[in-house]
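Below: one structure, written as structure tokens.
The values are calculated or read from the model by the stated rules, or taken from the named source; none is laboratory data. Since the model is a prediction, treat every value here as computed from it, not as a measurement. Here the Cβ is made from the backbone with ideal geometry for all residues, glycine too, and neighbour counts use every protein chain on show. In case anyone asks, the SASA skips ligands and DNA or RNA and just uses the protein heavy atoms, side chains included. Shrake-Rupley method; radii C 1.70, N 1.55, O 1.52, S 1.80 Å.
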Amino acid sequence: MSDLMSEGITIVEDLYKNREPVPEMKAIYFMAPTAKCVDALINDFKLKPKYRAAYVFFTDYCPDDIFDKMKKNCGKHIKVCKEINISFLPLEAQVFTCDNPEAFKKIYTPNSRDKDQTLEMIADQIVTLCATLEEYPGVRYKKDSDLNYGKKLAELVDNKLARHYDLDDNSKKKGKTQAQLLIVDRAMDPVSPILHELTYQAMAYDLIPIKDNTYEYKLKDGSKKEALLNEEDQLWVKLRHMHIAEVTGQIPKLVKEISASRGEKKQTDEKISVGALSQLMKKMPGFRKQMAQKTVHLCLAEDLMSHYQTNVEKLCKAEQDLAIGADAEGQKVKDPMRTLLPVLLHPHDTTDKIRAVLLYIFSLNGTTAENLNKLIQHVKIEDEKGYIQNWEHLGVPILNKPSMLSFRKPARRDRSDQETYKVSRWTPVIKDVMEDAVENKLDVKDWPYQSECPSAWNGSRAGSSPDDLRSGSRLIIFVLGGVSYSEMRCAYEVTHANKSCEVIIGSTHILTPRGLLEDIYNLGKQPMETFTIEEGKL
């Protein structure tokens, strides 16, 4: 709000709510190009104008019929009308969303009437992202067996991109830029958003009730504080992709920095508690503001470690063994049920048991109806089977049946030579995809071209190094159905490793494990029927 006020904007109001007329002021309308928004604009000037003039900025391309309606009804009051192509939400430096969690239900609910309309809307949003980045990418998609949502979305995006870039300001057709857009469906990797991830950001959003990126914590005196976890918090950006073991290793260093800034000689090699830090802070009132971020992350790290040691640590080994199909020593898991059983027998909460059962079923590519019923009874969710069964609406096999024989797991990259923590051996499938794409190793059978890709991305690079061709290029990946924090991290890791290519990842919305399970469960709920009571009939 302070940024807006510095530009001379004094009031920000909701377009749909009743507003007091301010006829001496001009109004900026920042809105989606929908009939509902335009009707609200027209109503503001229908009888007695609420404002001196209207400056209209659409987040996307405005359809002709909506534009004509606006022009006819209040055109004389509009001083500026522009389409600014920003109907997406940039969350981080390399992450964007459509800010549309409802899309999950609209797309994956059986017999949904909103499926096609939702895919159209998402395609429009992806096009505005490309337009904002000034990219005209080649489009590819992950081929799946039955649902074909990735193919449908790829077709829509490619057609809309062609229409958007048909003519530029110089009346010349815009050619493809050094970018590639890959569209994948959530079913490609059901494991990553279900596992307990132990990197800082993913762990925080899984285990702590963080709402609107706001972390609430308590100080030793019992007072509550709030902190916003975003790009402006430099320490958050530095720590968010680190393993929790590395983050906790940073704690003594952070306290040392505070001590060193005042020439303190206090020994900080031993384990530092939040209480000790609090005492230290009281001695340095001039540095409280500068050190506030460090206090936040000391509290958050301790909070996460408390959860880990209480419960999560016991789950991680079993989860990793089930996900990978081998133990930490590389020995193949011959009987996944033996790995799962200790989790079911331990008094973990129901959600954690559901997550473990799902990983067991994913490891087998589906199980028998008899075995599934036993597992459901063991977890005591007889009346809430949808948490497990509804995954089939995404095309993920839960039961062994002939229709699922075409579903096959993607081949994985060999990472046996990479050092990892025993409780964090799993690598999201999307990282393999990113690395294969950057190296032009994606199989055309699995990743068909929806449209022509520039030379840097279509394999025609004989005699040239990848870095020469790829310099300044972008790989944009869109995950239909939500993206997890561990998958977001992969975009940064692959960009850092390659340097010549920036990887940007986006989705309909950001997933947390518990949020995804609720979304899956709700796919089985039927919409409430509506009916009208005629007057006098009650």
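What is the spin-label model distance, in nm, from Lys409 to Asn111 if the labels are put 7 Å beyond Cα along the C-beta direction?
So the two model labels end up 3.5 nm from each other.
Mind checking the stretch 284-389 for GluC sites (Glu not before Pro) that DSSP puts in a loop (not H, G, I, E or B) and that have at most 12 other Cβ atoms within 10 Å?
Values: sites: Glu302, Glu313, Glu319, Glu329, Glu370, Glu382, Glu384; in loops: Glu329, Glu382, Glu384.
Listed in order of number, the matching sites are Glu329, Glu382.
Cβ neighbours within 10 Å, averaged per peptide: list 340-352, 411-423, 496-508 in order, most packed at the top.
The peptides rank, most packed first, as 496-508, 340-352, 411-423.
How high is the FRET efficiency between Lys76 and Gln234 when r is their beta carbon distance and R₀ equals 41 Å, given to the nearest 0.05?
Computed FRET efficiency for Lys76 and Gln234: 0.25.
On the full set of protein chains, 1.4 Å probe, figure out the accessible area of Lys151 and give it in Å² to the nearest 10.
70
What whole-number value in Å² describes the accessible area per residue of the stretch 325-374 for a 1.4 Å probe?
Value returned for the stretch 325-374: 50 Å² of accessible area per residue.
Assuming R0 = 60 Å, what is the FRET efficiency of Asp65 and Glu329, from their Cβ-Cβ distance, to the nearest 0.05? Walk me through the numbers on the way to the answer.
Numbers: r = 65 Å, r/R0 = 1.08.
Calculated transfer efficiency: 0.40.
Using θ = phi - 60° and the Karplus curve 6.51 cos²θ - 1.76 cosθ + 1.60, what whole-Hz ³J(HN,Hα) does each residue of the stretch 26-36 get, with Gly and Pro shown as x?
Along the stretch 26-36, the couplings run 8, 10, 9, 9, 10, 8, 6, x, 10, 4, 4 Hz.
Roll a 1.4 Å probe over the protein chains and send me the accessible area per residue for the stretch 4-75 in Å². Working shown, then result.
On the way: 4810 Å² over 72 residues.
Accessible area per residue, the stretch 4-75: 67 Å².
Could you list, in their original order, any pairs among Lys218/Lys238; Lys26/Lys69; Lys152/Lys332; Lys72/Lys152; Lys218/Lys385 whose Cα atoms are separated by more than 32 Å?
Pairs exceeding 32 Å: Lys152/Lys332; Lys72/Lys152; Lys218/Lys385.
May I ask for the distance between the Cα centers of the stretch 1-66 and the stretch 428-444, given as a whole number of Å?
44
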